[in-house]
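Have a look at the structure below, then the notes.
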């Protein structure tokens, strides 16, 4: 047990050092910028997917409720306005095709850029001879991530709705203790859904082949930090009003601040996954459409010449 705690602490310290030395802050700021243009398409596609089963209005309400809980009512209204402004004409076939194409391209841009940042973290780059195929596969992977998020949102909504319907009945017949237990189960389900989402990001997006064990470790740590940060940031946004000086643009700044924070956590979790995998000796190789970066190959050659310094 002591060895495990020591190993975790050493891994955490090494992760923080490498994360602090990396371009995580710059990449997070860039992704926050891309996110502003990707959010409308991303949310509309999620609304279409989950709305097919539960109705678009119900899904919109769920998304609005989640955003309100994190960033407040003004930010939720701004996101709703973004979605309304990006709605396409479903009656005109040509405009529908163009609209769907632009939504897919816009919504996948965020995950596409996130993948590039994760590839840089893992020291891999696309193989030059497979650039076109790689570009198409990356967009397909990004769209797949959006579909998965829609599916996870749907599962979360089902469970939350069931628990909400059963709350009064549970309290009346089984007492407050059982009610608290059900709320704990609800929290754990939400925690598990977020953890699955992070695990899929670490496993699917970067162009490396890595086992699930280090991925789950990194996803678990990221989810803990994300849950804690979500509570602290919602408290901070609600009391300090950091965007009040920006006027009408304040809600956009607020969204960018939240996404910037979330992306920095993703990079920290990915760095932890990388450090953990290497320290545990897991085999890591580039995917078939990628190769090690020139910097990685140069470092490996130096280590081979001077093994005592590695």
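The values are calculated or read from the model by the stated rules, or taken from the named source; none is laboratory data. Note that the coordinates shown come from a computational prediction; the quantities given were computed from them, not determined experimentally. With ideal geometry, Cβ positions are generated from the backbone for all residues, glycine too; neighbour counts draw on all protein chains shown.
Of note:
- Some residue of the stretch 285-301 being surrounded by fewer than 17 Cβ atoms within 10 Å (Cβ to Cβ) and modelled with pLDDT of 85 or more: yes
- Lone qualifier among 46, 70, 59 - being part of a helix (DSSP H, G or I), under 17 Å from residue 265 (Cα atoms) and at pLDDT below 75: 70
- Verdict on residue 38 being buried (at least 19 other Cβ atoms within 10 Å of the Cβ), in a helix (DSSP H, G or I) and touching a residue at least 40 places away in the same chain (Cβ under 8 Å): yes
- Of all residues in the stretch 99-118, those that are at pLDDT 75 or above have Cβ atoms under 6 Å from Cβ atoms of residues that are not in a helix (DSSP H, G or I), 6 or more apart or on another chain, in 115/205; 118/205; 118/206.
- Here residue 140 passes the criteria (1) modelled with pLDDT under 75; (2) in contact with a strand residue (DSSP E or B) (Cβ under 8 Å, 6 or more places away or on another chain) except the one numbered (2).
- Residue within the stretch 6-29 that is surrounded by 13 or more Cβ atoms within 10 Å (Cβ to Cβ), under 30 Å from residue 59 (Cα atoms) and either over 20 Å from the mean Cα position of the chain (by Cα) or at pLDDT 85 or above (or both) present: yes
- Close pairs (8 angstrom Cβ cut-off, 6 or more residues apart or separate chains): within 7 Å of residue 124 (Cα to Cα) in the stretch 279-293, part of a helix (DSSP H, G or I) anywhere: 290/119; 290/134; 292/300; 293/120
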